[in-house]
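The values are calculated or read from the model by the stated rules, or taken from the named source; none is laboratory data. From a predicted model like this one, the values you see are computed outputs, not experimental measurements. Counting neighbours? That spans all protein chains shown, and the Cβs are built from the backbone with ideal geometry, glycine included.
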Amino acid sequence: MLRAQLPVNEVERQQALDRLELVDTPAEPCLDAITRLARELFGVKTALVSLVDNDRQWFKSRQGLDIAETPRSISYCSYAVLKDKPLFIENSDKDPRFAGKEIALSNPGARFYAGWPLHDGEGLPLGTLCLADPQPRRLTARQKCQLRDLAYLAESYLHLQHNAQQADELRDALDREQRKAMLDPLTQLWNRAGLLHFLPLQRAATERNGLRLGLIYCDLDHFKQVNDRHGHDAGDRVLWESARRMSAAVRPQDVVTRNGGEEFVILTQVRTPQELLQIAERIRLAMAEQPIPLDDTELRQTVSLGCALLGSEEDSNDALKRADQALYRAKDSGRNRSELAP
């Protein structure tokens, strides 16, 4: 079995990755925009921000891939990290470094691979911005420069995110194993356990900031028909894309969670009921305005939303129930709409 060697500074490199608290955290709209742009710009099946962890590569952002991680032993990104320089594989079936080896046989969707290393502030390689496609190809010199520039943007964002207040609060509140247990692997959003964890933290933050905590229940309309007509893989794609659109429609400090199935809950700090409804409407429009591309078609997917403002003495569970009741009113009123709980 061909395995990538470990870098001579592997201990320091892994410590740097651990300090940044990036692995097993929710997806970021900014990084998703970069990988989405990379996929479209280069016309490849897959574009990723891949972080090389102890025994796996974990994808902080992914386009064209439905899994959240793969073993490090079959990771081309681990070779880019080892050499700490860009890695280009035009055709893994003919590349003398990989042809016939397990790493190539295990990656039929990556006969072409291009990965540009991403570093921490001290220059230690953490992972890559990478492209992959089942068809062999060759990047021009200009395209390699474009990949370099996109990698620079992704790397810069990782540095900024590390210094952000939200990252500081997350680091103080949870260790990696706790985060991993609270992360939904399909959508890369916080799961219901994450929702219950962040509810009291967000409530306390609103009190400190003189704001009110808004709760938004979101439910994908007629989602069962997606699975019935297009299959569960298409349903997973719709859930993943819906998570991306919801995250991009809210603010960085808002908490987006998947409560289960096709139901999402968002925690947001607002001043007025009107502001809460405006955020809900941004989410609704982000879902409704553009179809979701599937392998063989495009799907128009809408969402219904129920909103509630947490009362000063109200139990959080009661506020969640009120938001849920408002959601059902939105559905009973024709779907693809937002309703505010009294």
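Does Arg244 fit the bill of being buried (at least 17 other Cβ atoms within 10 Å of the Cβ) and either among the hydroxyl-bearing types (Ser, Thr, Tyr) or touching a residue at least 24 places away in the same chain (Cβ under 8 Å) (or both)? Considered against the rule, which asks whether it is buried (at least 17 other Cβ atoms within 10 Å of the Cβ) and either among the hydroxyl-bearing types (Ser, Thr, Tyr) or touching a residue at least 24 places away in the same chain (Cβ under 8 Å) (or both), Arg244 comes out as yes. The residue that is surrounded by the most Cβ atoms within 10 Å (Cβ to Cβ), among those in region 107-128 that are modelled with pLDDT of 90 or more and among the small types (Gly, Ala, Ser), is Gly127. Residues that are under 26 Å from Ile292 (Cα atoms) and in contact with a strand residue (DSSP E or B) (Cβ under 7 Å, 6 or more places away or on another chain) do not occur anywhere in region 85-96. Restricting the first member to region 308-334 and to residues that are free of Cβ contacts under 8 Å to residues at least 40 places away in the same chain, and the second to residues that are of a type in the set (S, T, N, Q) and outside any helix (DSSP H, G or I), the beta-carbon pairs closer than 8 Å and six or more apart or on different chains are Ala330/Ser304; Ala330/Ser338.
Taking region 45-60 as the range and being buried (at least 23 other Cβ atoms within 10 Å of the Cβ) and more than 25 Å from Asn9 (Cβ to Cβ) as the test, only Ala47 passes. Across region 301-342, the number of residues qualifying as surrounded by 13 or more Cβ atoms within 10 Å (Cβ to Cβ) and closer than 16 Å to Cys218 by Cβ comes to 28. Candidates in region 68-80 are the residues that are farther than 20 Å from Gln161 by Cβ and touching a residue at least 24 places away in the same chain (Cβ under 8 Å); of these, the one that is surrounded by the fewest Cβ atoms within 10 Å (Cβ to Cβ) is Ser73. Close Cβ contacts (under 7 Å, 6 or more residues apart or on different chains) running from residues in region 176-197 that are within 19 Å of Asp18 (Cα to Cα) and assigned to a strand (DSSP E or B) to residues that are at pLDDT 95 or above and polar (S, T, N, Q) comprise Leu183/Asn191. In region 87-101, the qualifying residues are those that are crowded, with 16+ Cβ neighbours inside 10 Å and out of contact with any helix residue (DSSP H, G or I) (no Cβ under 7 Å at 6 or more places or on another chain), and the one that is nearest to Tyr76 (Cα to Cα) is Phe88. Among the residues of region 236-278, just one is β-branched (Val, Ile, Thr), at pLDDT 95 or above and more than 17 Å from the chain's Cα centre (by Cα), namely Thr268. In region 201-213, the residues that are closer than 10 Å to Leu310 by Cβ reach residues that are part of a helix (DSSP H, G or I) with C-beta atoms within less than 8 angstrom, at least six apart or across chains, in these pairs: Arg203/Ser316; Arg212/Thr206; Leu213/Gln202; Leu213/Arg203; Leu213/Thr206; Leu213/Ala319. Residue count for region 224-280 under the criterion of being touching a Gly at 6+ places or on another chain (Cβ under 9 Å) and either assigned by TED's automatic domain parsing to the domain that holds Leu65 or β-branched (Val, Ile, Thr) (or both): the result is 7. For region 261-276, the criterion of being without any contact (Cβ under 8 Å) to a residue 12 or more places away in the chain, assigned to a helix (DSSP H, G or I) and exposed (fewer than 14 other Cβ atoms within 10 Å of the Cβ) is met by at least one residue.
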